[in-house]
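The values are calculated or read from the model by the stated rules, or taken from the named source; none is laboratory data. Fair warning: this is a prediction, and the values are worked out from it, not measured in the lab. All Cβ positions, glycine included, derive from the backbone under ideal geometry; neighbour counts span all protein chains shown. Protein only, heavy atoms only, side chains kept; ligands, DNA and RNA dropped before computing areas. Shrake-Rupley method; radii C 1.70, N 1.55, O 1.52, S 1.80 Å.
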Amino acid sequence: MSASFASALNAARDAAAAQHYPQGALYVVATPIGNLADITLRALHVLQLADTIACEDTRHTQALLRAYGIEKPGSQLLAVHQHNEAEASHAVVERLRAGQRVAYASDAGTPGVSDPGARIVAAVHAAGLRAVPLPGASSVTSALSAAGAVAQGTEGFLFAGFLPTKSGERATAVQQLATETRCVVLLEAPHRIAELAQALVILGERQVTLARELTKQFEEIATQPAHALPAWLASGPQRSRGEFVVLLHPVQAAQDDGDSLRVLKLLMQELPLKTAVRLAAEITGASRNALYQSALALKQEGGAQA
């Protein structure tokens with residue numbers, strides 16, 4: 001056991017052992033997204049207590065347990081991943097009915113948030129059994145907290161996860177999100193981040209935060225206009241490495257009760273979209289970013305009516 005976690009296991013027992021952990025319950029355990037120190041004391045205690053640990057990758061989870069000084073035989077680990085989640089859910093339910101405490105942990109972060117886990121929890125509920133959340137690390141909430149993109153009193157955010165991998169489908173998805181005024185949370189893998197950045201260029205001046213390698217040594221969080229994303233990524237090879245959370249900042253759409261939208265509509269009949277937006281902003285004093293989002297929405301509506 002690493003000396004740095006020896007005291008953590010003792011603290012976990014002291015802090016969490018007195019709580020009630022019923023048998024026949026599924027414990028949904030959030031695990032670190034990078035920094036091992038981001039595990040909670042309650043998670044450490046439950047991982048020690050569990051009769052079975054269902055996990056996305058048994059080798060990964062076994063290494064994680066050993067890093068904390070927790071030893072579990074292979075027979076206590078059950079592989080539950082996206083390819084067998086439905087079938088493995090039955091095995092989890094049977095173990096719960098036998099009175100076991102089963103913990104579920106995906107490879108990183110909070111299960112069921114773009115990770116396996118949701119089907120297991122649904123199967124447990126359908127069987128009339130209990131699922132107990134153990135909150136902890138999440139790349140989504142970590143990025144939101146550091147970006148300042150969702151202010152108190154606003155409309156919240158939309159979690160869109162991974163967009164389609166095919167370029168045409170991805171472009172369509174971005175067009176649909178362009179009219180969304182709330183903060184939009186996307187996830188992306190390193191080998192597709194350049195394609196996503198290029199697809200987001202149509203959002204123009206809309207502010208976008210790229211958060212990569214969260215909680216790791218080379219963590220980087222940067223915010224710039226959507227049109228600048230490809231150049232930012234290309235400025236250094238390291239900037240395309242690691243898993244990404246991408247936040248499209250919220251915008252205040254222009255309202256149809258003033259001159260700005262009327263001017264924009266007239267200009268769009270004669271000029272390219274970007275030129276019409278720039279001139280409408282100069283003429284009316286309205287936000288260029290808001291007008292751009294409205295122009296995209298008008299263009300999309302026009303295409304749907306054609």
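Over region 160-291, average the accessible area per residue using a 1.4 Å probe and give it in Å², no decimals. List each step's numbers first, then the result.
Working: 6450 Å² over 132 residues.
Value returned for region 160-291: 49 Å² of accessible area per residue.
May I have the pair-distance distribution P(r) for region 122-236, computed from all Cα-Cα distances with 5 Å bins from 0 and rounded to whole percent?
2, 9, 18, 22, 19, 11, 8, 6, 3, 1, 0
How much of the accessible area of the chain, in percent, comes from carbon and sulfur atoms when a 1.4 Å probe is used? Could you put the intermediate results ahead of the total?
Working: 7750 of 14900 Å².
For the chain, the apolar C and S fraction of the accessible surface comes to 52 percent.
Using a Gaussian network for the chain with springs between C-alpha atoms less than 10 Å apart, which of these wobbles most: Ala151, Ala25, Ala281?
Comparing Ala151, Ala25, Ala281 in the GNM, the peak value goes to Ala151.
Given a cut-off of under 8 Å on Cα pairs at least six residues apart, what relative contact order in percent is computed for region 139-197? Could you put the intermediate results ahead of the total?
Numbers: 43 pairs, mean separation 22.7, N = 59.
Once divided by the residue count of region 139-197, the mean separation gives 38 percent.
For a protection proxy built on the mean count of beta-carbon atoms within 10 angstrom, sort 244-251, 188-195 highest first, please.
Numbers: 244-251: 23.2, 188-195: 15.5.
Top of the packing list down: 244-251, 188-195.
Ignoring everything but the protein chains, give the 1.4 Å probe accessible area of Val132 in square angstrom, nearest 10.
So the heavy atoms of Val132 present about 10 Å² to solvent.
What FRET efficiency would be calculated for the residue pair Trp232, Ser7, taking the C-beta separation as r and a Förster radius of 45 Å, to the nearest 0.05? If you can, show how the numbers build up before the last one.
Details: r = 41 Å, r/R0 = 0.92.
About 0.65, to the nearest 0.05.
Considering only C-alpha atoms, what is the centroid distance from region 199-252 to region 157-185, in Å?
One Cα centre to the other: 15 Å.
Grab the DSSP H runs of the chain that are 4 residues or longer, score each as -39,500 (n - 2.57), total them, divide by all residues and round the 222 nm result to the nearest 500 deg cm²/dmol. Let's see the in-between values first.
Working: 12 runs with 129 residues, N = 306.
It comes out at -12500 deg cm²/dmol, rounded to the nearest 500.
When only Cα pairs under 8 Å and 6 or more residues apart are kept, what is the percent relative contact order across the chain?
Details: 523 pairs, mean separation 48.3, N = 306.
Worked out over the chain, it gives 16 percent.
Run through the DSSP bridge list for the chain and note the antiparallel percent, rounded to the nearest 5.
Restricted to the chain, the bridges split so that about 45 percent are antiparallel.
Count the lysine pairs in the chain that are 8 or more places apart or on different chains: how many have C-alpha atoms under 26 angstrom apart? Each step should come with its number before you reach the end.
Details: Lys166/Lys299; Lys265/Lys274; Lys265/Lys299; Lys274/Lys299.
For the chain, the number of qualifying lysine pairs is 4.
Select from Ala91, Ala137, Ala197 the residue whose mean-square fluctuation is largest in a Gaussian network model of the chain (Cα-Cα springs shorter than 10 Å).
Its mean-square fluctuation being the largest, the pick is Ala91.
Below 8 Å between Cα atoms, with a sequence gap of 6+, how large is the relative contact order for region 195-250 in percent? The partial results should precede the final answer.
Working: 81 pairs, mean separation 24.0, N = 56.
The value is 43 percent.
Taking the Cα centre of the chain as origin, work out the dipole magnitude from +1 charges on Lys and Arg Cβ and -1 charges on Asp and Glu Cβ, in debye rounded to 20. Intermediate results must be reported in sequence, preceding the final value.
Values: 25 positive and 27 negative charges, 57 e Å.
The dipole of the chain has a size of about 280 debye.
What do you get for Rg/Rh of region 116-161 when both radii come from the Cα atoms and Rh is the Kirkwood radius? Intermediate values should be presented prior to the final figure.
Details: Rg = 14.9 Å, Rh = 13.4 Å.
Checking Rg against Rh, the ratio lands at 1.11.
Please check: in the Gaussian network model of the chain (C-alpha springs, under 10 Å), which one of Arg66, Arg206, Arg42 has the largest mean-square fluctuation.
Arg66
Kirkwood Rh and Cα-based Rg: tell me the resulting Rg over Rh for the chain, rounded to two decimals. Please list the in-between numbers first.
On the way: Rg = 23.6 Å, Rh = 21.8 Å.
Here Rg/Rh amounts to 1.08.
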